[in-house]
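The values are calculated or read from the model by the stated rules, or taken from the named source; none is laboratory data. The model shown is predicted, which means the values in this text are computed figures rather than measured ones. With ligands, DNA and RNA removed, areas are computed over all heavy atoms of the protein, side chains included. Shrake-Rupley method; radii C 1.70, N 1.55, O 1.52, S 1.80 Å.
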Amino acid sequence: MDLAAQMLLSSNRTVEGVGRSCGFNSTSYFIKNFKNTFGQTPLSFLKQYRGR
């Protein structure tokens, strides 16, 4: 999940693209796992940290 977070912040890939690059075949499963790890969805994470 740390790699996924780095990829979200350092690339222009979509959430789906990052999930697939990290080995998830299902975007919803990737989002669920990301949220369990970071306490927020990948999109919320992006908005919070890219906005800085």
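If a residue must be open to solvent by 80 Å² or more (accessible area, probe 1.4 Å) and farther than 13 Å from Asp2 by Cα, how many such residues does the stretch 17-44 contain?
6
Failed condition for Asn12, given (1) modelled with pLDDT of 95 or more; (2) open to solvent by 60 Å² or more (accessible area, probe 1.4 Å); (3) of a type outside the set (D, E, K, R); (4) not in a helix (DSSP H, G or I), with all others met?
(1)
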